[in-house]
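Each remark here refers to the structure printed beneath this line.
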Amino acid sequence: MFITFEGIDGSGKTTQALKLKSWLEEQGHEVLYTFEPGGCELCKGIRELLLSNSIKDDIARLILFLGDRKLHVESVIEPALKSGKIVICDRYNDSSIAYQSAAGLDYKFVREFVKSFNFIEPDITFMFDIKAEDALRRLEGRGRDKDAVESSGVKFLSCVREIYKDIAACESRIILIDADKSELEIADLIRDYIKNLN
Ligand code: TYD
């Protein structure tokens, strides 16, 4: 099974992805948790480049995110799935569509371009929905340094959120999660969805 987690920065998706990993392991499954960008050896340099904000060109950034994904899918995700593991990936195609469109590229162009790579489709995607203001407040509370993307602020993240919701409306694999709910409630909800898949 291939599961992805999506949402704006500070939406709480990573906490829940790791909780799900632990729970699935308790059920006896072998699970790989991974993330993008930077989820493979070669991808680490691409991640550094992308998060340093030294590249401003939106097309160049999109291509780098997709290059990162190509290497990650081929060297990490597909081998793990073939060996029978459940793979949980923190960000995937939907991040590229939402973030790179919000950055200014045409939504339809980005969506078609991303789809043209035919990367393996997730079986299920948990998409964390939260107001940009609340997500940024959470990040500040964590004392986290704002990276290049987060520092673009409320307006940008609100736009990412809206595009995420558009994607969710077209894709049945996506479960939209109200990220305002408590950590415990969200974890239960996710487990219920997974149980019902079997
Ligand atoms: P990261 O620190 O990993 O964020 P998070 O912990 O919220 O997942 O930074 C990744 C950033 O890169 C994040 O702000 C979203 C952005 N991103 C894109 O713009 N396009 C993409 O295709 C991906 C995978 C991430």
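The values are calculated or read from the model by the stated rules, or taken from the named source; none is laboratory data. All of these numbers come straight from a predicted model, not from anything done at the bench. In this analysis, Cβ positions are derived from the backbone assuming ideal geometry, glycine residues included, and neighbour counts consider all displayed protein chains. Surface areas here come from the heavy atoms of the whole protein model, side chains and all, with no ligands, DNA or RNA. Shrake-Rupley method; radii C 1.70, N 1.55, O 1.52, S 1.80 Å.
For the chain, a simple Cβ point-charge model (Lys and Arg +1, Asp and Glu -1, everything else neutral) yields a dipole of about 180 debye relative to the Cα centre. Computed from label points 7 Å out along Cα-Cβ, the spacing between Lys165 and Lys82 is 4.2 nm.
Send over a whole-number figure in Å² for the accessible area per residue of the chain, probe 1.4 Å. Please list the in-between numbers first.
Details: 9720 Å² over 198 residues.
Normalised by residue count, the accessible surface of the chain is 49 Å².
Quotient of the Cα radius of gyration of region 1-145 and 2.2 N^0.38 Å, N being its number of residues: 1.05.
Full extension from His29 to Asn53: what is 0.36 nm times the residue separation minus their Cα-Cα distance, to one decimal in nm? Walk me through the intermediate numbers first.
Working: separation 24, 0.36 × 24 = 8.64 nm, distance 3.81 nm.
Contour length minus the Cα-Cα distance gives 4.8 nm.
The fraction of accessible area contributed by carbon and sulfur in region 5-151 is 52 percent, rounded to a whole number (1.4 Å probe; ligands and nucleic acids excluded).
Going by accessible surface with a 1.4 Å probe and the largest first, Val76, Val114, Val154 read Val154, Val76, Val114.
Taking a virtual spin label 7 Å from the Cα of Ser158 along the C-beta vector, which residues in region 90-125 bring their backbone nitrogen under 19 Å of it? Inside the label zone: 98-105.
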